[in-house]
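Peer 1: Dumping the structure here so I can ask a few things about it.
The values are calculated or read from the model by the stated rules, or taken from the named source; none is laboratory data. None of the values given here were measured: they were computed from a predicted structure. A quick note on method: Cβ atoms are made from the backbone with ideal geometry, for glycine too, and the neighbour counts reach across all protein chains shown. For the accessible areas, the whole protein counts, side chains as well, though only heavy atoms, and no ligand, DNA or RNA atoms are used. Shrake-Rupley method; radii C 1.70, N 1.55, O 1.52, S 1.80 Å.
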Amino acid sequence: MDKIVVEGGVRLSGKIPISGAKNAALPLLAAALLPSGRSIYKNVPGLADVRTMAKLLTMLGWEVEGSGTDTLSIGSPAPDKLKLEAPYDLVKTMRASVLVLGPLVARYGRARVSLPGGCAIGARPIDQHLKGLQAMGAEVKLDHGYVDVTCKRLRGATIVLDVPTVTGCENLIMAAALAQGRTVLENAAREPEVEELALVLNKMGAKIQGAGTPIITIEGVDELKPIEHAIIPDRIEAGTYAVAAAMTHGDVLLEGARPEHLEAVIAKLRASGVTVAAEAGGLRVKGDADIRAVDIVTQPHPGFPTDMQAQFMVMACVARGQSIIKEMIFENRYMHVPELGRMGADITVDGRTAVVRGGAQLTGAAVMATDLRASASLVLAGLVASGTTEVLRVYHLDRGYEQIEQKLAGVGAKIRRVVG
Ligand code: EPU
């Protein structure tokens, strides 16, 4: 298996181009199931998760062209090719496969999707997705590990979500786009990726208002048309490289990064003593010699993102002072802690709270993690550790960071992939 090898201690300097957002691309690929004809997406990140979603669409009968480039074209299936089932093999490798549920039921009246089950970062149920579809008139049956959802034509409903689930909202917005009548989603997720999906669906002819606020209103339409669209830059990728620049006391321009998607992250960087400035080409991040400890509580957007918690924890390890980090979104998202401990970090976890005593001199080690952002945090730790760090299980990184070693090497990091 491949590994990433990092020699720590280099100050990063230069420009890092930010790729299209993984968590925007995945629902947008699913949205291509809604219209007849061929939709074209640009700025598609070259990531394992995007390839998995493209494979799922192909299995459902859609014609997906352009994998491996930053343009994907997705054409609707010949009637004899259409399938309405997302199998366990794919769903277990990528939970976001569940995003095909809403579009398939809305357009074809039926979908059968393997239940995702628990994952490394928590239980992650899909009860809110199903509750919403049921409120729109769908019949939901569970059998043999699959959820079978049927409804001739979904009808609009008022749905109050118990939690502002991101993919749950995305599924329900896509379902409601072709439902009969008006759907109101309350306690909706406000993430930029939800806004992006609504924007694209509106380009397709949907009538969606309020995306980016807690109440989203969708007037169902009878059909949607294919579109061409360039995907927004990845705020979590940008945030990850911002931490890399800060921790190495570097000076890096994150090309294309959008400050309005990163407000909570930028606020915490500034509170740590890092200089962050919006420029025409993106976001410039300069690390001060002295990084101060800050406390973090993860929250749904616009709060501090759970997908940046592990990266900030690494910065807390080397900051001056003690940081208290609370992970409020997922119940098991501290898998990086024991690995950081092996590199010399001083962290105590009690339930959802981690206490990080800063000032550690991290030392390189062989480490691995069981999820994407935890793996990214280990690469960051390697950038400031003395000696050599080997990050194993690189396939987690490949799910969400396009060419991470090339991008970091491009700003001076001593980092390489060893193909194994
Ligand atoms: N939840 C429920 N019931 C549901 C759905 C969610 O209880 O029906 C709970 C979850 O268990 C969790 C909370 O609600 O405690 C929030 O989960 P959410 O559904 O919002 O997460 P998600 O949609 O499965 C997306 C991102 C994640 C990101 C989270 C939170 C995609 C494809 N994934 O997941 O991204 O962490 O939102 O912001 O958009 C990553 O990129 O590394 C990643 C894990």
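Peer 1: What are the residues in the stretch 335-344 that are part of a helix (DSSP H, G or I) and more than 16 Å from the ligand (Cβ to nearest atom), if any?
Peer 2: So in the stretch 335-344, the residues part of a helix (DSSP H, G or I) come out as 336-342.
Of everything in the stretch 335-344, those that are part of a helix (DSSP H, G or I) and more than 16 Å from the ligand (Cβ to nearest atom) turn out to be V337, P338, E339, L340, G341, R342.
Peer 1: Taking A319 as the residue in question, decide whether it is buried (at least 24 other Cβ atoms within 10 Å of the Cβ) and in contact with a Lys or Arg (Cβ under 9 Å, 6 or more places away or on another chain).
Peer 2: The answer is yes for A319.
Peer 1: Out of all the residues in the stretch 268-277, is one or more touching a Phe, Trp or Tyr at 6+ places or on another chain (Cβ under 6 Å) and surrounded by fewer than 23 Cβ atoms within 10 Å (Cβ to Cβ)? Break it down stepwise before answering.
Peer 2: Filtering the stretch 268-277 down to residues touching a Phe, Trp or Tyr at 6+ places or on another chain (Cβ under 6 Å) leaves none.
The answer is no, given that none of the residues of the stretch 268-277 is touching a Phe, Trp or Tyr at 6+ places or on another chain (Cβ under 6 Å) and surrounded by fewer than 23 Cβ atoms within 10 Å (Cβ to Cβ).
Peer 1: Can you pull out every residue in the stretch 303-334 that is in contact with an Asp or Glu (Cβ under 6 Å, 6 or more places away or on another chain) and assigned to a loop (DSSP other than H, G, I, E, B)?
Peer 2: Across the stretch 303-334, the qualifying residue is only R333.
Peer 1: Could we say that L185 is under 13 Å from N23 (Cα atoms), open to solvent by less than 30 Å² (accessible area, probe 1.4 Å), within 15 Å of the ligand (Cβ to nearest atom) and out of contact with any His (no Cβ under 8 Å at 6 or more places or on another chain) here? If you could, list the steps in order and put the result at the bottom.
Peer 2: Values: under 13 Å from N23 (Cα atoms): no; open to solvent by less than 30 Å² (accessible area, probe 1.4 Å): yes; within 15 Å of the ligand (Cβ to nearest atom): yes; out of contact with any His (no Cβ under 8 Å at 6 or more places or on another chain): yes.
Against the criterion (under 13 Å from N23 (Cα atoms), open to solvent by less than 30 Å² (accessible area, probe 1.4 Å), within 15 Å of the ligand (Cβ to nearest atom) and out of contact with any His (no Cβ under 8 Å at 6 or more places or on another chain)), L185 does not qualify.
Peer 1: Please find, within the stretch 393-404, the residue that is nearest to the ligand (Cβ to nearest atom) out of those that are out of contact with any Pro (no Cβ under 7 Å at 6 or more places or on another chain) and open to solvent by less than 60 Å² (accessible area, probe 1.4 Å). First the steps, then the outcome.
Peer 2: Keep residues of the stretch 393-404 that are out of contact with any Pro (no Cβ under 7 Å at 6 or more places or on another chain), which gives 393-401, 403-404.
Still in the running and open to solvent by less than 60 Å² (accessible area, probe 1.4 Å): 394, 396-398, 400-401, 404.
Details: V394: 15, H396: 9, L397: 11, D398: 13, G400: 6, Y401: 10, I404: 14 Å.
Among them, the one singled out is G400.
Peer 1: State whether one or more residues within the stretch 131-139 are away from the ligand (no atom under 16 Å from the Cβ) and either under 18 Å from G181 (Cα atoms) or free of Cβ contacts under 8 Å to residues at least 12 places away in the same chain (or both).
Peer 2: Within the stretch 131-139, one or more residues are away from the ligand (no atom under 16 Å from the Cβ) and either under 18 Å from G181 (Cα atoms) or free of Cβ contacts under 8 Å to residues at least 12 places away in the same chain (or both).
Peer 1: OK, next. For residues that are open to solvent by less than 30 Å² (accessible area, probe 1.4 Å) and either polar (S, T, N, Q) or modelled with pLDDT under 95 (or both), tally how many sit in the stretch 278-299.
Peer 2: Residues flagged as open to solvent by less than 30 Å² (accessible area, probe 1.4 Å) and either polar (S, T, N, Q) or modelled with pLDDT under 95 (or both) within the stretch 278-299 amount to 1.
Peer 1: I'd like to verify a number: residues in the stretch 340-366 that are free of Cβ contacts under 8 Å to residues at least 40 places away in the same chain and within 20 Å of T240 (Cβ to Cβ), how many?
Peer 2: 2
Peer 1: Are any residues in the stretch 1-41 of a type outside the set (K, R), within 16 Å of the ligand (Cβ to nearest atom) and not in a loop (DSSP other than H, G, I, E, B), and if so, which ones?
Peer 2: G20, N23, A24, A25, L26, P27, L28, L29, A30, A31, Y41
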